Amino acid sequence: MLKQLIQSDVHGNVRHSAVQELARGWKKDPDTLPLLKQRVQSDDNGNVRRAAIQELAEGWKKDPDTLPLLKQLIQSDDDKFVRSAALQELARGWKDEPWLFELLYNCAINDPFQRQDNWEDNPRQIALERIIKLYPDHPKTLTLLRDRAENDTDDKVREFAQKKLKQFTQNH
């Protein structure tokens, strides 16, 4: 029943819940992982895709397709919410990987986010937050903070970076 709901229910919130329940309750079912991957890549609802991303990163971190898929979503997905979810999961699940700083740095500079509503999460800010948290002593962190405080096209990211820059310089 959950598999059917994931694939064909017209309501995104039903598919979202079905994705979560299937991933958590039927992890060993051979259809679960392919269904999650399918939802990540093709569902027309961003919330369903985000739920599938979160479940993949948590339950199938060691699957050889999970990491490349998350990286690909960050770099080229059209949905800013999907990029944000993939970014958050990478920073949470792969925080000790040596390549993560550069991926976050690239996102903090180059993500194409354009704010349409005040409540939206900007992937550039998420990347910047993770860099500050995970890499406060990295030689590029302070330079990046200064750059985003002056040059980010999003007012909220600039304000965030200015606030963090002030705190950062007081603490370091």
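Identify the single condition in (1) over 29 Å from residue 42 (Cα atoms); (2) surrounded by 16 or more Cβ atoms within 10 Å (Cβ to Cβ) that residue 156 does not satisfy, given that it satisfies every other one. Just one mismatch for residue 156, condition (2).
Note on the range 1-19: among residues that are among the β-branched types (Val, Ile, Thr) and more than 19 Å from residue 86 (Cα to Cα), the one that is surrounded by the fewest Cβ atoms within 10 Å (Cβ to Cβ) is 10. Taken over the range 122-148, the criterion of being among the hydroxyl-bearing types (Ser, Thr, Tyr) and either modelled with pLDDT under 95 or assigned to a helix (DSSP H, G or I) (or both) is satisfied by 141, 143.
For the range 96-109, the set of residues classified as loosely packed, with under 13 Cβ neighbours inside 10 Å and either assigned to a helix (DSSP H, G or I) or not aromatic (Phe, Trp, Tyr) (or both) consists of 96, 97, 98, 102, listed by residue number. Among the residues making up the range 70-93, those that are crowded, with 17+ Cβ neighbours inside 10 Å and either touching a His at 6+ places or on another chain (Cβ under 6 Å) or among the basic types (Lys, Arg) (or both) are 80, 83.
Does the range 81-130 hold any residues that are of a type in the set (Ser, Thr, Tyr) and touching a residue at least 40 places away in the same chain (Cβ under 8 Å), and which are they? 84 - this is the single residue of the range 81-130 that is of a type in the set (Ser, Thr, Tyr) and touching a residue at least 40 places away in the same chain (Cβ under 8 Å). Kindly indicate whether any position in the range 149-171 is assigned to a helix (DSSP H, G or I), without any contact (Cβ under 8 Å) to a residue 40 or more places away in the chain and under 19 Å from residue 49 (Cβ atoms). No. Go over the candidates 67, 36, 22 one by one and state the one that is more than 18 Å from residue 7 (Cβ to Cβ) and either surrounded by 13 or more Cβ atoms within 10 Å (Cβ to Cβ) or not assigned by TED's automatic domain parsing to the domain that holds residue 10 (or both). When all the criteria are applied, what remains is 67.
The values are calculated or read from the model by the stated rules, or taken from the named source; none is laboratory data. Every value quoted in this text rests on a predicted model; they were computed, and no experiment measured them. We place every Cβ from the backbone using ideal geometry, glycine too, and count neighbours over all the protein chains shown.
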